[in-house]
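Okay, so here's the structure we're looking at.
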Amino acid sequence: PMRAFVQVAQVTTLSFIVHRSCFYLFSTMRVLFGLAGACAAVSVTVEGSGKKATSPVESLRAEVEMVQKQIQHAGKVTPKVYETVQKLLTMVTSIIEPAIEESHASDQMLVLTVFREIIDCDAQYSKFLNGELKKQQLAVEGTRGKVVITTGEVNTAKEKYAKCLDERDMLVRENNTRCCAEYQQCPNGGYGDCEIVKLSQGYVGCNYRERTGAECYAHAEKLIAPLESYFEEQDKKYEMARHLCAQFKASTEAKIKDCAALQEAVNAQAHMVNEIADQVNRGGVKMVEGANEECQQYKACRNKAITSYLEVVGPCEKDAYGAGGECVKNREEDRHSEWEATQEIKCMLDHYCKGGKFEEDLLEQCKQSISTFHLAISYPTLPAATPCEVPECDECPGCDECVDRPYYQYQTPCYETPVADPPVCVESPDCPGWCTSEE
């Protein structure tokens, strides 16, 4: 919109000045030289019209030539001719020079306006890099930091859980050893007795020819008398084994419950870590996709702005009549030529006013005094493109859940399943014969 405004302002200003000059000179020109079409002669080319028009400088040059011819024809300088020269000087200083300078200012504004579009592309992308992208990076890294912290807590809890399992397995092995000791002493099988003692004699008899029944009983009672103390001692051992089995059974059950609760807590915490890690991964993917999209939009914006800038600046093809065309560099070249020509004429007219004649030998001196430095357009150097930034975002792995490991069940089958032989109590990793996968 700004560029369009500048172009319209440029054409409007020149058109106004030209028509003002026509109005100003019309009466004098018409009287002196019979120029009924003076307004058509003093005009400029409107952009896009494709029609050739005579520039103010060309019209001025024609007027000066007509003045010279008038002087030559009359053989003297008449007051009317002198008045015409003064008006031509006024036309140069008040109309043509301001028109050229205003055209220069309009083109300079146009160049800066189009160049600003490139700067705006760079500024918009830099704003994204230093604003939204930094914000997203901080958010992702902040969430990743939570994952790291929580993962550390999970690992600490896992170590605690592993220690619990070690303590549990130790209790289970000890419990099984104690309960197996009880089972070995009283297997609850066979003949229904925990222990059957076989006497060395194998049997107790009675010789009725030599002894009475009372004597035989007394003899048999005497043979088994040592069993009383033996059975009492064995009973004490069994009670001790049963007590130890019950004691370790309670401790083992408590430890197993503790480990199970700890496992549940660890896994719940690991699940939370995985949810946060998933949040990090989704945020990272979104951030990378957004950065790629912004990069492509920035490149497209900059390429479009640079193309537009170069088209406006030029150089470009001249039109069919040799005029500057549609770009600033060509128009700048035309303005320099017009200014030089105008200043030559102005200088000659000024010499005429002072000396009463045109001095051709002073023309070279006039040319040397002309400067077009103030009509030079400043063309900003294209800035280097801002490098695209697409951050890398490694995937956050999360945590594995804790899995229990096999162990000897603390409930031994010693009291449930009768066996022919006592169970073998072991502490090796191999399951004993009475341990199944279901157990």
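Which pairs turn up if I take residues in region 382-396 that are without any contact (Cβ under 8 Å) to a residue 60 or more places away in the chain and look for partners that are surrounded by 14 or more Cβ atoms within 10 Å (Cβ to Cβ) with beta carbon separation below 6 Å, at least 6 apart in sequence or on another chain?
Note: no pairs meet the criteria.
Just to check your reading of the model, which residue among D258, D169 is closer than 30 Å to G398 by Cβ, in contact with a Phe, Trp or Tyr (Cβ under 8 Å, 6 or more places away or on another chain), modelled with pLDDT of 80 or more and of a type outside the set (A, V, I, L, M)?
Details: D258 fails: in contact with a Phe, Trp or Tyr (Cβ under 8 Å, 6 or more places away or on another chain).
Criteria check complete, one pass: D169.
Taking P315 as meeting all but one of (1) more than 40 Å from the chain's Cα centre (by Cα); (2) modelled with pLDDT of 80 or more; (3) not in a helix (DSSP H, G or I), write down the number of the exception.
Among (1) more than 40 Å from the chain's Cα centre (by Cα); (2) modelled with pLDDT of 80 or more; (3) not in a helix (DSSP H, G or I), the lone unmet condition for P315 is (1).
Please tell me if V285 is crowded, with 20+ Cβ neighbours inside 10 Å, over 30 Å from V403 (Cα atoms) and at pLDDT 90 or above. Outline the logic, then answer.
Values: crowded, with 20+ Cβ neighbours inside 10 Å: no; over 30 Å from V403 (Cα atoms): yes; at pLDDT 90 or above: yes.
Judged against the criteria, V285 is not a match.
From L129, L112, L133, L138, grab the single residue that is within 41 Å of the chain's Cα centre (by Cα), surrounded by fewer than 15 Cβ atoms within 10 Å (Cβ to Cβ) and in a helix (DSSP H, G or I).
One residue alone meets the criteria, L138.
Exactly one of these conditions fails for A268: (1) open to solvent by less than 90 Å² (accessible area, probe 1.4 Å); (2) over 30 Å from T151 (Cα atoms); (3) part of a helix (DSSP H, G or I); (4) free of Cβ contacts under 8 Å to residues at least 60 places away in the same chain. Give me its number.
(2)
Can you find, within region 338-363, the residue that is most open to solvent (accessible area, probe 1.4 Å) among those that are charged (D, E, K, R) and at pLDDT 80 or above?
Just the residues of region 338-363 that are charged (D, E, K, R), to begin with: 338, 340, 344, 346, 350, 354, 357, 359-361.
Then keep just the ones that are at pLDDT 80 or above; that gives 338, 340, 344, 346, 350.
On the way: E338: 57, E340: 81, E344: 44, K346: 58, D350: 61 Å².
Only one residue tops the list, namely E340.
Is it the case that region 376-399 has a residue that's in a helix (DSSP H, G or I), hydroxyl-bearing (S, T, Y), more than 34 Å from the chain's Cα centre (by Cα) and within 25 Å of E101 (Cα to Cα)?
Let us first name the residues in region 376-399 that are in a helix (DSSP H, G or I), namely none.
Within region 376-399 (the criterion being in a helix (DSSP H, G or I), hydroxyl-bearing (S, T, Y), more than 34 Å from the chain's Cα centre (by Cα) and within 25 Å of E101 (Cα to Cα)), the answer is no, since none of the residues qualifies.
Taking region 364-375, which residues are open to solvent by 50 Å² or more (accessible area, probe 1.4 Å) and of a type outside the set (K, R)? Give the steps one after another, and end with the answer.
Just the residues of region 364-375 that are open to solvent by 50 Å² or more (accessible area, probe 1.4 Å), to begin with: 364-365, 367-369, 371, 373-374.
Answer for region 364-375, where residues must be open to solvent by 50 Å² or more (accessible area, probe 1.4 Å) and of a type outside the set (K, R): E364, Q365, Q368, S369, S371, F373, H374.
Got a number for residues in region 149-162 being within 19 Å of N281 (Cα to Cα) and surrounded by 14 or more Cβ atoms within 10 Å (Cβ to Cβ)?
Final tally of qualifying residues: 2.
The values are calculated or read from the model by the stated rules, or taken from the named source; none is laboratory data. All values reported here derive from a predicted model rather than from experimental measurement. With ideal geometry, Cβ positions are generated from the backbone for all residues, glycine too; neighbour counts draw on all protein chains shown. Just the protein is used for accessible areas: all its heavy atoms, side chains included, with ligands, DNA and RNA removed. Shrake-Rupley method; radii C 1.70, N 1.55, O 1.52, S 1.80 Å.
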